[in-house]
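> Input: one structure, supplied below.
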Amino acid sequence: MTFLRILPFLLLTIGMFYYPQEVLSSATTGLKLWVSYILPALFPFFVISDILMKQGFVHFLGVLLEPLMRPLFRLPGKASFILAMTHTSGIPIGAILTCKMRKDGEITRTEGERLLAFSSNPSPGFMFGAVASGMLANPALGIIIAGSIYISNLIVGLVFRFYGNPSSSPPKYKISLRMAWRELEIAQQKNNKPLGELIAESVRESTSTILLVGGFIVFFSVITQMLTVWNITGIIAGLINILSAGMLSQAGGVALINGLIETSLGCKAAVTAFSSLNIQVGVLAFILGWGGLSVFAQVASFTASTDLRFLPFFLGRTLHGFLALIISQIILRYSEIPTTTLPSPLTDGSRIWLMSLRWSFLYFIGIIIFLTLMGIFLRLWKRPS
């Protein structure tokens, strides 16, 4: 049993020495994907989220949005910030922030697992910039893809509100602008550091995290390539073709397998493997909702230092993938398919990272403003007459 644990890594090592050119090519592809799409979409928000958490904005927002988060998701109001960040910045920031809150004792174990199940979304920058604009050359399709992802994600959150002990989420809550402001002040007093030191600390921690994410992407790109070289992917795709009675082609099976392993590579393969736009969008929605084993490994690396169990995350990702597939087909069926195309400078990917950063930033600003206004509205609505 002990030997079986290291056998796959021994085989991978042998394959890397035997096929050095393929390893170099796949590692370069993974690195380019990280630099072009992941780095600009995630790193600025890693830094911003860390600063906001240390400066107490999460506590401020948590008091205001407690009446919204408790009835809907059976989560504390502080979890609203994590939902905002994961919808803005994408995987794996939701897992990172959830684990931080669990370590700090801000949420219970059950609440952490409940939150982890639906706080792993691809960033809007990746969906609009990389997938819709870069791979499909039609940025308007990003609305359909992102819509199916976010709608299905909220459904997963509503389903997982029934997860765990019903008594784990206290039904009583109290909202007050004064209380929210007091929580903000207390958090700042606990982390009373000069601004320069605070920014430097956030950049240092975020750099370590983004390098970890990049390492996972490159590593799983190599694994995907090795499976292709050894024809393991082809054999499994052939079995899928037989089991589906020819409904899923060999190339489609390969794209699906790649997507189950690594999201970016799977999305690129899906666009090439399928000619029907409906099937392309459906498979893309499933892959983006599922996340890929690369994302699973990233999340597992963060939850390993906590008592959060991995099974709820796995179940949430599986449910999210299938719901995104179904909802994308419903949207396509009852809406007009957009036909907007891109000029060549964006199609070749030279400026896609700028679009990725722009979409993520605009969505971040919008959702933070929305949540703040929602909190103020709830405060005024709950005010006794």
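> Is segment 304-322 home to any residue that is farther than 25 Å from V222 by Cα, among the β-branched types (V, I, T) and crowded, with 23+ Cβ neighbours inside 10 Å?
The answer is no, given that none of the residues of segment 304-322 is farther than 25 Å from V222 by Cα, among the β-branched types (V, I, T) and crowded, with 23+ Cβ neighbours inside 10 Å.
> Okay, moving on. Return the only residue of G282, G246, G234, G238 being buried (at least 20 other Cβ atoms within 10 Å of the Cβ), free of Cβ contacts under 8 Å to residues at least 60 places away in the same chain and among the small types (G, A, S).
Criteria check complete, one pass: G282.
> Enumerate the helices (runs of 4 or more DSSP H) found wholly within segment 240-343, keeping only those where 1 or more residues are of a type in the set (D, E, K, R).
Filter on segment 240-343 gives 263-273, 311-333.
> Here's a follow-up. Residues of segment 63-83 being surrounded by 23 or more Cβ atoms within 10 Å (Cβ to Cβ) and modelled with pLDDT under 80, which ones?
V63, L64, L65, E66
Residue by residue, here is whether (1) under 17 Å from the mean Cα position of the chain (by Cα); (2) modelled with pLDDT of 90 or more holds:
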position	(1), (2)
I331	no, yes
T339	no, no
S344	no, no
I352	no, no
Y363	yes, no
G366	no, no
I376	no, no
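> If L52 satisfies every condition in (1) under 21 Å from S206 (Cβ atoms); (2) in contact with a Pro (Cβ under 6 Å, 6 or more places away or on another chain) but one, which is the exception?
Unmet for L52, out of (1) under 21 Å from S206 (Cβ atoms); (2) in contact with a Pro (Cβ under 6 Å, 6 or more places away or on another chain): (2).
> Let me ask another. Select from segment 92-128 the residues that are under 18 Å from S264 (Cβ atoms) and touching a Pro at 6+ places or on another chain (Cβ under 8 Å) and write down the one among them that is modelled with the lowest pLDDT.
G125
> Can you tell me which of S133, S120 is buried (at least 24 other Cβ atoms within 10 Å of the Cβ), more than 14 Å from the chain's Cα centre (by Cα) and of a type in the set (S, T, N, Q)?
S133
> Could you check how many residues of segment 95-110 are surrounded by fewer than 24 Cβ atoms within 10 Å (Cβ to Cβ) and either of a type in the set (F, W, Y) or assigned to a helix (DSSP H, G or I) (or both)?
7
> Across segment 17-43, what is the total count of residues that are modelled with pLDDT of 80 or more and either of a type in the set (A, V, I, L, M) or within 17 Å of the chain's Cα centre (by Cα) (or both)?
7
> I've got another one for you. Does L31 satisfy the criteria of being out of contact with any Pro (no Cβ under 9 Å at 6 or more places or on another chain), in a helix (DSSP H, G or I), farther than 30 Å from N231 by Cβ and of a type in the set (A, V, I, L, M)?
The answer is no for L31.
> Taking the criterion of being at pLDDT below 80 and assigned to a helix (DSSP H, G or I), would at least one residue in segment 133-147 satisfy it?
Within segment 133-147, one or more residues are at pLDDT below 80 and assigned to a helix (DSSP H, G or I).
> Test I217 against the criterion of being within 20 Å of G321 (Cβ to Cβ), outside any loop (DSSP other than H, G, I, E, B) and touching a residue at least 40 places away in the same chain (Cβ under 8 Å), and give yes or no.
yes
> Failed condition for G259, given (1) buried (at least 19 other Cβ atoms within 10 Å of the Cβ); (2) of a type outside the set (D, E); (3) over 19 Å from I326 (Cβ atoms), with all others met?
In the conditions (1) buried (at least 19 other Cβ atoms within 10 Å of the Cβ); (2) of a type outside the set (D, E); (3) over 19 Å from I326 (Cβ atoms), G259 misses (3) alone.
The values are calculated or read from the model by the stated rules, or taken from the named source; none is laboratory data. Because the structure is a prediction, the values reported are computed rather than measured. Because the Cβ atoms are built from the backbone with ideal geometry, glycine has one as well, and the counts that use them run over all protein chains shown.
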